[in-house]
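These notes are about the structure you will find just below.
The values are calculated or read from the model by the stated rules, or taken from the named source; none is laboratory data. These numbers were taken from a predicted model, which means no experiment stands behind them. Note that we place each Cβ from the backbone using ideal geometry, even for glycine, and neighbour counts take in every protein chain shown. Areas reflect the complete protein model, heavy atoms only, side chains present, ligands, DNA and RNA absent. Shrake-Rupley method; radii C 1.70, N 1.55, O 1.52, S 1.80 Å.
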Amino acid sequence: MTEKKGLLTVYDEVAKCNRCGFCQAQCPIYSITGAEASVARGHNAHIRGVIEQKLDFTEEIKAPLFECLLCRACVANCFPAIKTDDNVIAARSAYVQRFGQSRLLDFIFHNLLPNPKKMAFYLRLAATGRNNRLIKLAESLQLFKWFGRGLGQAIQIVPAFPKRFLSEILSQSSFNSQDSARPSRCRVAYFIGCGVNYTLPEIGEATLKVLRDYGCQVEVVENNCCGLPPLVYGNVEAARLLARKNIDMLQDLSVDAIVTDCGSCASFLKDYPKILAGEENYGDSARRISEKIQEFSQFIHNLETSKTFASLNQTVTYHDPCHMSRYQQIMQQPRELIANL
């Protein structure tokens, strides 16, 4: 079967597990569940059992498999350095190939994420719906049944969206045409992450201001979602589709760097060569683009300049995002930038 063939690619990796248990103390899910199935050695044992046809995908295997955060805390504390996150994604992909995905996720991954304008429209609709009686009416009519039982709950936790998304703000201000006339020391393409675009546009505006203050000529890219969300849900083909669409948009840019202030986007964009490995039409382009990707703090830290930030007389608490620290080894750069405030 196709899904079993995909799992065979990680068989050697899952077979490395010696069941030592060092992953237990580091796993955030295990700290809550206390279940052996939640930790890396549990995942690897289950995946190996499925490959060897000693186990089949059941709810007991599926539930912990899809609860894994893919944070790589286990990888960082594993003596054989087993890539459990890759193993889990391969297993999720095999599960999706065999049993399919919910209509809601399929709709999001194949219809919304490749179309930012449609994505913005539906997000506005969801935000409006959660603040009135439409949700209760839809639930009473069982309108969510087609998408899956979690849709109503998902809409209820939709954040209070800003009045305008970042893409709308930048479009209305004709940012690129204004910036092209500015003298610059380097040319930068700004990749807009979904989180910044739809929920925290002020972060994106601040990022662009800093880049320009540091003498960079910035071009805002009309990109799609990077592709990470469908990948973590096991929909590898949807992730590849988004990767190809972004490469088509990015490959002809004449810039020194492609900068994003989203650690997850930066991590996944750098992984495009792996995601599209073996694709003759995209392999080389994926590699060239990945070499230009820089997370914001990484880029600013490496920029040779005498300019400093304004002083900040406050106590700052910094959290290491997993996609920056464990995926990209970007830890010291943001700390040094904060220390220099």
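If residue 292 meets every condition in (1) surrounded by 17 or more Cβ atoms within 10 Å (Cβ to Cβ); (2) modelled with pLDDT under 95 apart from one, which number is that one?
In the conditions (1) surrounded by 17 or more Cβ atoms within 10 Å (Cβ to Cβ); (2) modelled with pLDDT under 95, residue 292 misses (2) alone.
Among the residues of segment 100-127, how many are in a loop (DSSP other than H, G, I, E, B) and over 15 Å from residue 229 (Cα atoms)?
Keep residues of segment 100-127 that are in a loop (DSSP other than H, G, I, E, B), which gives 100-102, 113-115.
The next check asks that each one be over 15 Å from residue 229 (Cα atoms); those that pass are 100.
Of the residues in segment 100-127, 1 are in a loop (DSSP other than H, G, I, E, B) and over 15 Å from residue 229 (Cα atoms).
Going by the conditions given, is residue 285 over 19 Å from the mean Cα position of the chain (by Cα), small (Gly, Ala, Ser) and either modelled with pLDDT of 95 or more or open to solvent by less than 40 Å² (accessible area, probe 1.4 Å) (or both)? First the steps, then the outcome.
Details: over 19 Å from the mean Cα position of the chain (by Cα): yes; small (Gly, Ala, Ser): yes; either modelled with pLDDT of 95 or more or open to solvent by less than 40 Å² (accessible area, probe 1.4 Å) (or both): yes.
Taking the combined requirement at face value, the residue satisfies it.
Would you mention how many residues in segment 52-62 are surrounded by fewer than 20 Cβ atoms within 10 Å (Cβ to Cβ) and touching a residue at least 24 places away in the same chain (Cβ under 8 Å)? Talk me through it step by step, then tell me what you get.
If we filter segment 52-62 for residues that are surrounded by fewer than 20 Cβ atoms within 10 Å (Cβ to Cβ), which is where we start, we get 52-60, 62.
Now narrow it down to the ones that are touching a residue at least 24 places away in the same chain (Cβ under 8 Å): 57, 62.
Matching residues across segment 52-62 total 2.
Give me the pairs, please: first residue somewhere in segment 74-97 and within 13 Å of residue 39 (Cα to Cα) and open to solvent by less than 20 Å² (accessible area, probe 1.4 Å), second residue anywhere and part of a loop (DSSP other than H, G, I, E, B) and aliphatic (A, V, I, L, M), beta-carbon distance under 8 Å, and either six or more positions apart or on two chains.
Qualifying pairs under 8 Å: 85/70; 87/10; 88/70.
Under the condition of being of a type in the set (Gly, Ala, Ser) and in a loop (DSSP other than H, G, I, E, B), which residue from segment 232-258 is surrounded by the fewest Cβ atoms within 10 Å (Cβ to Cβ)? Step through it out loud before you land on a result.
Residues of segment 232-258 that are of a type in the set (Gly, Ala, Ser), as a first pass: 234, 238-239, 243, 254, 257.
Add one more test, that the residue is in a loop (DSSP other than H, G, I, E, B), and what stays is 234, 254.
Working: 234: 22, 254: 7.
It comes out as 254.
Can you tell me which of (1) within 25 Å of residue 327 (Cα to Cα); (2) of a type outside the set (A, V, I, L, M, F, W, C); (3) at pLDDT below 95; (4) open to solvent by 40 Å² or more (accessible area, probe 1.4 Å) is the one residue 46 doesn't meet?
In the conditions (1) within 25 Å of residue 327 (Cα to Cα); (2) of a type outside the set (A, V, I, L, M, F, W, C); (3) at pLDDT below 95; (4) open to solvent by 40 Å² or more (accessible area, probe 1.4 Å), residue 46 misses (3) alone.
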